[in-house]
1. Got a number for residues in the stretch 72-81 being assigned to a helix (DSSP H, G or I) and exposed (fewer than 12 other Cβ atoms within 10 Å of the Cβ)?
2. Going through 10, 97, 57, 4 one at a time, which residue ends up being more than 18 Å from residue 139 (Cα to Cα) and at pLDDT 95 or above?
3. Quick check: anything in the stretch 53-61 within 18 Å of the chain's Cα centre (by Cα), surrounded by fewer than 18 Cβ atoms within 10 Å (Cβ to Cβ), outside the structural domain of residue 109 (by TED's automatic domain parsing) and assigned to a loop (DSSP other than H, G, I, E, B)?
4. Just to be sure I understand the filter: pairs with C-beta atoms under 7 Å, separated by 6 or more residues or on different chains, first member in the stretch 63-81 and assigned by TED's automatic domain parsing to the domain that holds residue 105, second member surrounded by 13 or more Cβ atoms within 10 Å (Cβ to Cβ) and in a loop (DSSP other than H, G, I, E, B). Which pairs pass?
5. Please go through (1) under 17 Å from residue 111 (Cα atoms); (2) at pLDDT below 95 for residue 64 and return the number of the only condition it doesn't satisfy.
6. Could you list all residues from the stretch 86-132 that are touching a helix residue (DSSP H, G or I) at 6+ places or on another chain (Cβ under 6 Å), touching a residue at least 60 places away in the same chain (Cβ under 8 Å) and in a loop (DSSP other than H, G, I, E, B)?
7. Search the stretch 38-51 for residues that are under 20 Å from residue 2 (Cβ atoms) and pair each with any residue that is surrounded by fewer than 16 Cβ atoms within 10 Å (Cβ to Cβ) when their beta-carbon atoms are under 7 Å apart and the residues are at least 6 apart or on different chains.
């Protein structure tokens, strides 16, 4: 597999935005986030998008609807209602339940199938945009 460079990400985003590449710059804190004026875009390969969506979902299980958690794990919804009320403090116990029942991979696949990766990776509009071999997510 070829190494993905910042220049490749910039070229894809420039084409997507129909702007000049010199109008884009990598964010100082993450080379996969590119800045266009005050706008930020996450530019990922398919595999990177899968990995980041999985990481996001694993860290935010507590924020899922209790009925979705119950349907995936086949446990009573009341279990998750109580854990979700603990906000971030409920994430570790929910993760253990998910791992012991359906498994994180299956859970992530169901969540992405239901809402799309953009829901988890684009804080701005929940959209996933494809440009060549890259997937683009508006961050702000």
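1. We begin by selecting, within the stretch 72-81, every residue assigned to a helix (DSSP H, G or I); these are 72-73, 77-81.
Keeping just the survivors that are exposed (fewer than 12 other Cβ atoms within 10 Å of the Cβ) gives 78.
Selection size over the stretch 72-81: 1.
2. On the way: 10 fails: more than 18 Å from residue 139 (Cα to Cα); 57 fails: more than 18 Å from residue 139 (Cα to Cα); 4 fails: at pLDDT 95 or above.
One residue alone meets the criteria, 97.
3. Checked against the condition, which is being within 18 Å of the chain's Cα centre (by Cα), surrounded by fewer than 18 Cβ atoms within 10 Å (Cβ to Cβ), outside the structural domain of residue 109 (by TED's automatic domain parsing) and assigned to a loop (DSSP other than H, G, I, E, B), the stretch 53-61 yields no hits at all.
4. Going by the 7 Å Cβ cut-off, the qualifying pairs are 72/102; 73/101; 73/102; 74/101; 75/101.
5. Condition not satisfied by residue 64: (2).
6. Passing the criteria: 128, 132.
7. Pairs that qualify, where the first residue is under 20 Å from residue 2 (Cβ atoms) and the partner is surrounded by fewer than 16 Cβ atoms within 10 Å (Cβ to Cβ), are 45/133.
The values are calculated or read from the model by the stated rules, or taken from the named source; none is laboratory data. It should be emphasised that the depicted structure is a prediction, and the values quoted were computed from it without experimental measurement. All Cβ positions, glycine included, derive from the backbone under ideal geometry; neighbour counts span all protein chains shown.
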